[in-house]
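Below you'll find the structure, written out as structure tokens, and then a few comments.
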Amino acid sequence: MKQSNEKFIRFFKALANQERIDIVKLLKDNTELNAQSIERRFYLEQSTTSHHLKMLKNAGVVKSRREGRNIFYSINYEILTAIWGEFSDIILK
């Protein structure tokens, strides 16, 4: 049981921060952005942006792809929907 809860803990911890929620909203409105665009939008340091994007990616909220020197981020709707669906099943039983 404990291991199956880890993904929910990671998921909700990733979303338990105003800047990360704002990043998700920004990605929703823009489909895909590189890390530098996210930094500029929120006036964040590169290290702070990297930390937030890493947490969101590890939780399955966002996904990334590399194009040359740029890393582009977008919402990972497939994983997001799956985790939310599993959690909903647990709490609505």
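The values are calculated or read from the model by the stated rules, or taken from the named source; none is laboratory data. A quick note: this is a predicted structure, and the numbers were derived from the prediction, not measured. Cβ sites come from the backbone with ideal geometry, for glycine too, and all protein chains shown count toward neighbours. Accessible surface is based on the protein model in full, side chains and every heavy atom, while ligands, DNA and RNA are left aside. Shrake-Rupley method; radii C 1.70, N 1.55, O 1.52, S 1.80 Å.
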Given H placed 1.01 Å from N in the peptide plane, which residues other than close sequence neighbours of V62 have an amide H under 5 Å from its amide H?
K57, N76
Cα-based count: Lys pairs in the chain below 21 Å, eight or more positions apart or different chains?
18
Per the 1/(1 + (r/R0)^6) rule, R0 = 25 Å and r from the Cβ atoms of F42 and L92, FRET efficiency to 0.05 is 0.10
Report the label-to-label distance for K25 and Y77 in nanometres (one decimal), using points 7 Å from each Cα along the Cα→Cβ vector.
2.0 nm
Angle between the Cα long axis of helix 77-92 and the longest principal axis of the chain, 0 to 90 degrees, nearest 10?
30 degrees
Tell me, what ³J(HN,Hα) does each residue in segment 14-26 have, in order and in whole Hz, if you take phi through Karplus 6.51 cos²θ - 1.76 cosθ + 1.60 with θ = phi - 60° and put x for Gly and Pro?
4, 8, 8, 8, 4, 5, 5, 4, 5, 5, 4, 4, 4
May I ask you to give the percent of accessible area on segment 1-71 that is carbon plus sulfur, with a probe radius of 1.4 Å?
48 percent
Can you give me the long-range amide H partners of N34? Hydrogens built in the peptide plane at 1.01 Å from N, cutoff under 5 Å, separation of 5 or more residues or another chain.
Y73
Students sometimes get this wrong: rank F87, F11 by accessible area, probe 1.4 Å, all chains present, largest first.
F87, F11
Report relative contact order for the chain in percent, whole number only (criteria: Cα-Cα under 8 Å, sequence separation at least 6).
31 percent
Once label points are set 7 Å from the Cα along Cα→Cβ at both Q18 and N70, what is their separation, rounded to one decimal in nm?
3.0 nm
